[in-house]
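The values are calculated or read from the model by the stated rules, or taken from the named source; none is laboratory data. Values in this document were obtained by computation on a predicted structure and should not be read as measured data. Cβ placement follows ideal geometry from the backbone for every residue including glycine, while neighbour counts extend to all protein chains displayed. To get the accessible areas, we keep the full protein, side chains included, count just its heavy atoms, and leave off ligands, DNA and RNA. Shrake-Rupley method; radii C 1.70, N 1.55, O 1.52, S 1.80 Å.
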Amino acid sequence: MIDDFEEWRELGNPSWSWDRVLTSFIELENDLDFGNDVHHSNTGPVTIFRFPESDWPQALRAEAQDLIDEGIPFCPDLNKPGATGIGPIPRNQTGELRGSSLVTHLFASRHRSNLEILGSTEAIRILFDGTRAVGVQVERNGQQEVIRADNVVVSAGAIKSPQLLQLSGVGPAGELKRLGIPVVSDLSGVGGNLQDHPCIPLLATAAQPDPEHHGFRLYGRFSSTEGTNDLAFCHGQMAVSAINFPVDTAAPDIVFFTAILGKPTSRGWVKVNSTNHLEPPEIHLNFLGTEDDVARIKQAYQVIARAVERGTLNSALAGVIVPSRDVYGDSLVDWLGTTEADAYLRQVVITSYHAAGTCAMGPDPAQGAVVDDKLRVHGTEGLYVVDASVMPTITNGMTHLSTSMIGHHFVTLFNEGRENSTESHAMAQGQ
């Protein structure tokens, strides 16, 4: 994690170095297990906890031992800086609800006098006076209206934020002109640099159902032969009905294994093809678009395959169902050494729902930067983007807390900017 933010700093974003963002991480966190440790906190709005190994299904306990035997160490706190190994997945959860910003922040703030929440409202475009953002045109309850503002902060995620910018005239000039959208700021990087964590599933039926321990429990981070901590696992046991794609089995429980690439080299893009704000943009994830990405994610998949087929985990499983035996033949491990396996991985790769990077921060728009390191949109005034889209490179781990940190840290930077502006104005008055 430290390396992620030092990489951002090296790319020309000094406000996002590890020593700067650490304070924001600490202020966000309420870690129920390690809150008193260095680099942690127990006072923030985002609750973090972990299911102990005693609350894991038998299959995951067996797999953990197999992975330790493979040389991957056990790590009880995978949120500490530089953590590597396998251990309980840190969960951002409050009661029965995952800790989204609605739960961790908005519930407590919704009664503030300076906050108005408009439900069932769709942003159509940002409004400009020249290059200054002055408001937003929205559609609410079937009617269009204009909301005026001194500053506009776009926080619609790595798909919708670049779409909204492009619809508003901020993006690649050639593409905007093709659609008849007046150009406010010609930024070639808007919608480019799309990153996500590609994920390859391996599903097996559980020898014994265990509804008391359903859900993802085991997490891991380790290194490929080409990278550092660039591979990950996220594994759990669950009812077949909980899977969001068809699975051909009559078994009640499956064990869901995933091989995840934490630092992909492939890049995709998001592009609008219509001036209608309700028309979805083109999304090209470009997963496993480089041979390097295929080679590295296959290393993670091979570790899982060895545990499933040859480890003590095997006795806790009734059989592998994804991929099916007619795909991999007699040995899953041997099959993974073939070019047919490479083609299969590209065919079945799925999203981790961690889209990022499409409004990347950086100092130079000519190099694809969309916002500067204060998250101000290049070539405009009063316009900011604050979400995972500003990540120049995706974080090497789950993106939720880092995205929350971006919002928290932006407030710090914005307030610093106002103070510096006031001080400069006062100095000029004094002169």
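The residues of the range 337-359 that are assigned to a loop (DSSP other than H, G, I, E, B) and not small (Gly, Ala, Ser), listed by number, are THR338, VAL349, THR351, TYR353, HIS354, THR358, CYS359. Of the residues in the range 258-271, at least one is closer than 20 Å to ARG325 by Cα, under 19 Å from the mean Cα position of the chain (by Cα) and of a type in the set (A, V, I, L, M).
The set of residues from the range 360-383 being more than 15 Å from GLN166 (Cα to Cα) and assigned to a loop (DSSP other than H, G, I, E, B) comprises GLY362, PRO363, ASP364, ASP372, ASP373, LYS374, LEU375, GLY382. Among residues of the range 207-219 that are at negative phi, those with a Cβ under 7 angstrom from a residue that is surrounded by 19 or more Cβ atoms within 10 Å (Cβ to Cβ) and in a helix (DSSP H, G or I), sequence gap 6+ or separate chain, pair up as ALA207/ALA316; ARG217/LEU60; LEU218/LEU60; LEU218/GLU63; LEU218/ALA64. For the range 122-133, a residue qualifies if it is in a strand (DSSP E or B) and surrounded by fewer than 17 Cβ atoms within 10 Å (Cβ to Cβ), and the qualifying residues are GLU122, ASP129, ARG132.
Residues in the range 388-407 that are at negative phi and in a loop (DSSP other than H, G, I, E, B) were compared, and the one that is surrounded by the fewest Cβ atoms within 10 Å (Cβ to Cβ) is THR393. For the range 134-149, the criterion of being under 25 Å from CYS359 (Cβ atoms), open to solvent by 50 Å² or more (accessible area, probe 1.4 Å), in contact with a helix residue (DSSP H, G or I) (Cβ under 8 Å, 6 or more places away or on another chain) and not hydrophobic (A, V, I, L, M, F, W, C) is satisfied by no residue at all. So is SER101 touching a residue at least 24 places away in the same chain (Cβ under 8 Å), open to solvent by 70 Å² or more (accessible area, probe 1.4 Å) and among the small types (Gly, Ala, Ser) or not? Spelling it out, SER101 is indeed touching a residue at least 24 places away in the same chain (Cβ under 8 Å), open to solvent by 70 Å² or more (accessible area, probe 1.4 Å) and among the small types (Gly, Ala, Ser).
Within the option set LEU179, LEU106, LEU165, being within 29 Å of the chain's Cα centre (by Cα), open to solvent by less than 80 Å² (accessible area, probe 1.4 Å) and in contact (Cβ under 8 Å) with a residue 24 or more places away in the chain holds for one residue only, LEU165. Restricting the search to helices (runs of 4 or more DSSP H) fully inside the range 240-336 and requiring at least 1 residues that are within 22 Å of PRO162 (Cβ to Cβ) and at pLDDT below 95 gives an empty result.
Across the range 368-390, what is the number of residues that are touching a helix residue (DSSP H, G or I) at 6+ places or on another chain (Cβ under 6 Å) and within 18 Å of THR403 (Cβ to Cβ)?
9
Could you tell me whether any residue of the range 193-208 is of a type outside the set (A, V, I, L, M), farther than 30 Å from LEU332 by Cα and surrounded by 21 or more Cβ atoms within 10 Å (Cβ to Cβ)? Within the range 193-208, one or more residues are of a type outside the set (A, V, I, L, M), farther than 30 Å from LEU332 by Cα and surrounded by 21 or more Cβ atoms within 10 Å (Cβ to Cβ). Among the residues of the range 44-77, those that are surrounded by 15 or more Cβ atoms within 10 Å (Cβ to Cβ) and of a type in the set (A, V, I, L, M, F, W, C) comprise VAL46, ILE48, PHE49, PHE51, TRP56, ALA59, LEU60, ALA62, ALA64, LEU67, ILE72, CYS75.
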